[in-house]
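Asker: Have a look at this one before I ask anything.
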2 protein chains.
Amino acid sequence: MKKSIVLAALLLNGIAIFGQTKDELFFKEIYKSSLTNAKCYDWLDHLSNKIGARLSGSDNAQKAVLYTKAQLETLGLDKVYLQEVMVPKWVRGEKETAYILDNKTKITVPICALGGSIATAKNGLTAAVIEVQSIAELNTLGDKLKGKIVFFNRPMEQEFIETFKSYGGCVDQRYAGAKEAAKFGAVGTIVRSMNLRLDDFPHTGNQSYGDLPKSQYIPTAAISTNGAELLSKLLKKNPNLKFYFKQNCQQLEDVLSYNVVGEIKGSVHPENIMVVGGHLDSWDLADGSHDDGAGVVQSMEVINIFKNLGYKPKNTLRVVLFMNEENGGKGGKKYEELAQANHENHIFALESDSGGFSPRGFSFESDEANFNRIQGWKNLFEPYLIHSFTKGHGGSDIDPLTSKTIVKAGLKPDSQRYFDYHHAANDTFDAINKRELELGAATMASLIYLIDQNGILK
Amino acid sequence: MKKSIVLAALLLNGIAIFGQTKDELFFKEIYKSSLTNAKCYDWLDHLSNKIGARLSGSDNAQKAVLYTKAQLETLGLDKVYLQEVMVPKWVRGEKETAYILDNKTKITVPICALGGSIATAKNGLTAAVIEVQSIAELNTLGDKLKGKIVFFNRPMEQEFIETFKSYGGCVDQRYAGAKEAAKFGAVGTIVRSMNLRLDDFPHTGNQSYGDLPKSQYIPTAAISTNGAELLSKLLKKNPNLKFYFKQNCQQLEDVLSYNVVGEIKGSVHPENIMVVGGHLDSWDLADGSHDDGAGVVQSMEVINIFKNLGYKPKNTLRVVLFMNEENGGKGGKKYEELAQANHENHIFALESDSGGFSPRGFSFESDEANFNRIQGWKNLFEPYLIHSFTKGHGGSDIDPLTSKTIVKAGLKPDSQRYFDYHHAANDTFDAINKRELELGAATMASLIYLIDQNGILK
């Protein structure tokens with residue numbers, strides 16, 4: 001069985017090799033269309049500058065739903081529709097304040113509440129601080145944490161080439177730090193921002209109290225990397241200094257929102273569905289141009305490119321703009337729930353959710369046979385400086401998809417600058433380069449074209 | 001003969017393959033050193049923010065010479081010295097002004113004099129405008145150009161993946177436009193900025209009157225891309241509109257300046273010289289962080305990395321910070337002149353002069369045998385996302401080097417954003433990402449290490 005799969009892969013590879021001229025020519029058309037005739041940059045301008053931050057449940061998130069639906073309706077799809085989904089609604093309230101109280105000196109530092117955090121008391125919270133590098137270290141401190149603010153200060157590691165690896169090695173402090181510290185009676189947590197550079201932007205992001213009883217929830221916030229360095233330095237001189245912070249964020253009732261879906265019916269295999277998407281919601285501190293306005297408009301651009309080139313996919317192609325990736329993932333789950341209910345067969349899903357930077361390749365969740373075949377297509381991508389085809393995570397919104405045989409992929413842009421902006425107030429439209437955004441869209445369209453032409457191996 | 005070269009190449013390739021573990025480990029150390037322990041970002045901060053724009057012959061250029069020499073002296077090199085070189089001194093004078101005179105409406109547009117241009121008359125120059133797309137088109141217009149301002153408006157082509165290709169297809173308008181237009185009696189030229197995006201920054205750059213008699217020189221300036229679009233649009237409505245511009249730049253006498261050279265004597269082949277460098281001078285509109293502050297500090301970082309790792313090169317390694325790349329190339333020529341006079345044997349030269357962006361590979365000026373062998377090293381670079389090894393230009397400053405057998409290389413960073421900043425007022429330190437800069441330095445050090453270990457094929 002395994003042999004026959006390998007043989008099939010080789011044969012299909014063979015076809016791809018003989019068909020190279022046609023594919024090469026079509027790749028050329030795709031990239032040219034995107035670099036000279038794209039709409040994605042203007043769409044992103046609107047999403048970012050006319051609408052702005054789009055946290056789930058906000059008015060802006062709803063505006064983004066209506067805007068992208070209207071834009072998709074101009075692209076001549078077979079249908080454009082909304083999928084209802086209930087999403088959490090968390091609101092930041094007024095801007096947070098924080099300072100270090102070092103003897104009698106107050107030193108203001110930039111913080112922001114983490115998504116899902118509770119508020120402090122109305123007048124804020126003051127406590128002594130214990131700095132830790134990890135949750136493991138927390139567990140060794142036990143009773144010493146009682147009544148304290150726990151300061152998680154493990155930096156993202158600089159030495160990895162892929163910055164997402166550094167993020168993965170760090171984000172537990174943000175996601176689970178408050179829950180773990182609360183178990184020992186800590187009264188709050190402050191987390192060093194997930195940022196590889198030293199600057200003054202606090203980076204928000206989701207956190208979870210897990211199954212902690214509500215009465216044990218403690219407020220949690222991110223501090224800028226410069227703020228974290230300062231706090232750590234001052235703590236070494238004066239371990240008894242105090243930290244004050246005030247935030248009045250709150251979790252409201254879930255509200256109705258939507259995934260936006262546009263569809264081209266497959267001309268040969270309408271029953272086979274390919275998804276391309278990103279997420280419409282963003283954090284609330286900025287307009288989320290990289291996370292994930294870029295992925296939204298690149299996914300829409302794939303449709304626009306195919307339209308401009310008169311390409312009719314053999315398989316059904318759906319652009320899905322997911323809601324609520326940032327703090328709940330409800331849109332992705334809802335999409336899968338409906339796919340199951342409708343007995344749909346997804347063969348491929350591609351997500352762009354790593355920023356609008358120069359594309360470098362893809363990461364694939366795939367069986368060996370399909371992954372090997374896709375590797376055989378690398379030569380087609382090389383003229384466009386796309387070289388990196390690795391196994392790895394596809395994307396949060398396509399995670400829930402469970403069709404029997406499905407290949408999932410995530411666009412991999414250059415990751416060096418991503419965490420300069422991620423979940424922070426500087427993730428804005430001016431940090432986007434038009435050509436990098438368009439090259440990403442073209443790279444996505446090219447992979448979808450090959451999957452559409454060749455299908456996937458079952 | 002050819003066969004034996006190929007055989008030698010294969011053999012040496014073989015050695016590289018067997019030696020992979022050692023090389024792999026050393027690559028890891030190089031990248032780690034650069035990402036965790038580099039000085040280049042702080043050096044660039046000083047060059048950009050403490051010194052600033054460094055046009056040849058300026059006080060700042062001299063400050064940059066002294067600063068980089070002093071910094072090199074801290075790195076434990078065998079010698080650090082200056083090479084005297086006479087350089088042109090062109091000064092911009094007061095900020096240029098320009099407007100479109102459309103009937104009685106004056107519309108101000110952003111321009112800047114091109115390097116080497118003469119001034120307008122003291123009160124400026126007003127004339128009707130003829131728009132052309134090329135020097136070829138100019139030649140068809142003949143007498144119609146008399147008394148006119150020629151407006152060169154051919155945009156950089158968007159569809160190329162490598163933006164330097166777009167630049168190469170466009171820059172003749174800037175370099176030779178004034179000289180060619182003057183031959184037909186034009187009174188000035190305005191050139192669309194070499195910029196792939198639409199914005200309000202005029203981009204300067206060198207231009208040449210060639211062997212035109214001085215009496216025929218005409219003033220020439222760049223206009224921002226938005227300005228060019230506007231002028232073109234208004235010209236279509238009103239071909240009789242006038243353009244006004246005023247600039248009081250001037251070419252002064254040549255002055256004494258310096259290349260900065262630091263050297264580690266080779267432990268095995270001191271007679272074989274490897275050069276790594278960038279250019280110290282920048283245009284005058286900004287601090288030149290990308291062009292070419294980045295190349296300067298990356299070249300210095302190569303030395304710092306080797307020092308941190310205790311690596312003693314077998315061949316002599318020279319860091320050369322060239323003066324006057326932008327408007328004369330005198331530093332590169334002087335370096336070669338002295339190399340000839342001293343009967344030096346250069347085996348390798350690497351320049352970084354394409355911006356401090358994420359490194360993608362190198363372009364090589366090399367014979368086939370050495371190029372093929374270098375291609376065999378690609379697998380060592382792949383874990384660092386370095387994939388692009390092409391034949392192409394090494395660098396302007398190393399162009400003059402003429403040793404009998406020499407491999408030249410240019411670092412190839414991602415080129416998408418380069419022309420957003422190139423020669424414009426926004427080429428500043430905030431446009432630099434620390435990790436991208438450091439990855440470039442590590443990539444340079446890695447190639448130099450391999451050349452040093454393996455020598456070049458003669």
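The values are calculated or read from the model by the stated rules, or taken from the named source; none is laboratory data. None of these values were measured; they are calculated from a predicted model. FYI the Cβ positions are ideal-geometry reconstructions off the backbone, even for glycines, and counts take in every protein chain you see. Calculation scope for accessible area: heavy atoms of the full protein, side chains included, ligands and nucleic acids excluded. Shrake-Rupley method; radii C 1.70, N 1.55, O 1.52, S 1.80 Å.
Asker: To check you understand DSSP bridge types, tell me what percent of the beta bridges within the protein assembly as shown (both residues inside) are antiparallel, rounded to 5.
Answerer: Rounded to the nearest five, the antiparallel share is 55 percent.
Asker: Give, rounded to the nearest 20 debye, the magnitude of the charge dipole that the protein assembly as shown has about its Cα centre when Lys and Arg contribute +1 at Cβ and Asp and Glu contribute -1 at Cβ.
Answerer: Computed about the Cα centre, the dipole is about 160 debye.
Asker: What fraction of the Cα pairs in the range A:93-248, stated in percent, has a spacing above 20 angstrom?
Answerer: 43
Asker: Charges at C-beta only: +1 for Lys and Arg, -1 for Asp and Glu. How large is the resulting dipole of the range B:201-321 about its Cα centre, in Debye rounded to 20?
Answerer: That gives the range B:201-321 a dipole magnitude of about 420 debye.
Asker: Can you give me the long-range amide H partners of A:Asp281? Hydrogens built in the peptide plane at 1.01 Å from N, cutoff under 5 Å, separation of 5 or more residues or another chain.
Answerer: Under 5 Å from the amide H of A:Asp281: A:Asn324, A:Glu325.
Asker: By DSSP, what percent of the beta bridges with both residues in chain B are antiparallel, rounded to the nearest 5?
Answerer: Around 55 percent of the beta bridges assigned by DSSP in chain B are antiparallel ones.
Asker: Within 10 Å of each Cβ in peptide B:377-389, how many partner chain Cβ atoms are there on average? Round it to a whole number, please.
Answerer: Counting Cβ atoms of other protein chains within 10 Å of each residue's Cβ and averaging gives 2.
Asker: Tally up the carbon and sulfur contribution to the accessible surface of chain B as a whole percent, 1.4 Å probe, everything protein left in place.
Answerer: 53
Asker: Give the ranking of A:Glu253, B:Glu131 by solvent-accessible surface, highest area first, calculated with a 1.4 Å probe.
Answerer: Listed by decreasing accessible area, they come as A:Glu253, B:Glu131.
Asker: While we're on this one: Can you run phi through the Karplus equation (6.51, -1.76, 1.60; θ = phi - 60°) for the range B:430-436 and list ³J(HN,Hα) in whole Hz, with x for Gly and Pro?
Answerer: So the Karplus estimates, Gly and Pro as x, are 5, 8, 9, 9, 4, 5, 4 Hz.
Asker: Hey, what did the range B:93-248 get for relative contact order, percent, Cα under 8 Å, at least 6 apart?
Answerer: Answer for the range B:93-248 is 39 percent.
Asker: Averaged across the residues of A:278-288, what count of C-beta atoms belonging to other chains lies within 10 Å of each residue's C-beta?
Answerer: Across A:278-288, the average partner-chain Cβ count within 10 Å equals 0.
Asker: Considering the options A:Ala121, A:Gln298, A:Val319, tell which one lies farthest towards the positive end of the dipole of chain A, charges being +1 on Lys and Arg and -1 on Asp and Glu at the Cβ, about the Cα centre.
Answerer: The residue sitting farthest along the positive end of the dipole is A:Ala121.
Asker: Under 20 Å from the 7 Å Cα→Cβ point of A:Lys233, by amide nitrogen: which residues of the range A:101-139?
Answerer: A:101-111, A:129-133
Asker: Can you pull the mean other chain C-beta count within 10 Å for peptide A:410-416?
Answerer: Other-chain Cβ atoms within 10 Å of each residue's Cβ, averaged: 3.
Asker: So what is the calculated 222 nm ellipticity per residue for chain B, using -39500 (n - 2.57) for each DSSP H run with n of 4 or more, over all residues, to the nearest 500 deg cm²/dmol?
Answerer: About -10500 deg cm²/dmol.
Asker: Now, a different point. Scale the Cα Rg of the protein assembly as shown by the rule-of-thumb value 2.2 N^0.38 Å and send over the ratio, two decimals.
Answerer: Dividing the Cα radius of gyration by 2.2 N^0.38 Å gives 1.01.
Asker: Cα-based Rg (one decimal) and Dmax (whole number) for chain A, in Å?
Answerer: Reported Rg and Dmax, both Å: 23.4, 77.
Asker: Continuing with this model, one more query. Roughly how many Å² of A:Lys50 are accessible to a 1.4 Å probe, to the nearest 10?
Answerer: In the full protein context, A:Lys50 sits at about 150 Å².
Asker: Which chain A residue hugs the A-B rotation axis most tightly by its Cβ, and what is that distance in angstrom, to the nearest whole number?
Answerer: That would be A:His387, 2, residue then distance in Å.
Asker: Taking the label point 7 Å from Cα in the Cβ direction, how far apart in nm is A:Val255 from each other copy of itself, listed shortest first?
Answerer: 6.3
Asker: When the chain is fully extended, how far beyond the present Cα-Cα distance does B:Lys95 get from B:Lys144, taking 0.36 nm per residue of separation?
Answerer: Taking B:Lys95 through B:Lys144 to full extension adds about 14.6 nm, to one decimal.
Asker: Starting at the first residue of the range B:216-223, write each ³J(HN,Hα) from the Karplus equation 6.51 cos²θ - 1.76 cosθ + 1.60 with θ = phi - 60°, in whole Hz, x for Gly and Pro.
Answerer: Here the 3J(HN,Hα) series is 9, 4, 10, x, 9, 9, 9, 10 Hz.
Asker: Give me the number: length gained by fully extending A:Asn49 to A:Lys391, i.e. 0.36 nm times residue separation minus the C-alpha to C-alpha distance, one decimal in nm.
Answerer: Gain on extension, A:Asn49 to A:Lys391, equals 119.6 nm.
Asker: With both partners inside the range B:93-248, how many of the DSSP beta bridges are antiparallel, as a percent to the nearest 5?
Answerer: 55
Asker: Let me know the charge dipole size of chain B about its Cα centre in debye, to the nearest 20, where only the beta-carbon of Lys, Arg (+1) and Asp, Glu (-1) is charged.
Answerer: Dipole about the Cα centre, nearest 20: 680 debye.
Asker: Rounded to a whole number of µm²/s, how large is the Stokes-Einstein D of the range A:181-336 at 37 °C and 0.692 mPa s, given Rh as the Kirkwood radius over C-alpha pairs?
Answerer: Taking Rh from Cα pairs, D becomes 170 µm²/s.
Asker: Given the pairs B:Lys214/B:Lys333; A:Lys50/A:Lys265; A:Lys106/A:Lys233; A:Lys165/B:Lys307, which are separated by over 22 angstrom at their Cα positions?
Answerer: Going by Cα-Cα distance, B:Lys214/B:Lys333; A:Lys50/A:Lys265; A:Lys165/B:Lys307 fall outside the 22 Å limit.
Asker: What list of ³J(HN,Hα) couplings, whole Hz, do you get for the range A:441-455 from phi and the Karplus terms 6.51, -1.76, 1.60, once you set θ to phi - 60° and write x for glycine and proline?
Answerer: These are the phi-based 3J(HN,Hα) values: 4, 5, 5, 5, 4, 5, 5, 4, 4, 5, 4, 5, 5, 9, x Hz.
Asker: Under a crude label model (7 Å from the Cα following the beta-carbon direction), how far is B:Glu73 from B:Gln133 in nanometres?
Answerer: 5.7
Asker: Given 0.36 nm per residue, what is the gain on full extension from A:Leu256 to A:Thr105 after removing their alpha carbon distance, in nm?
Answerer: Full-extension gain reported as 49.7 nm.
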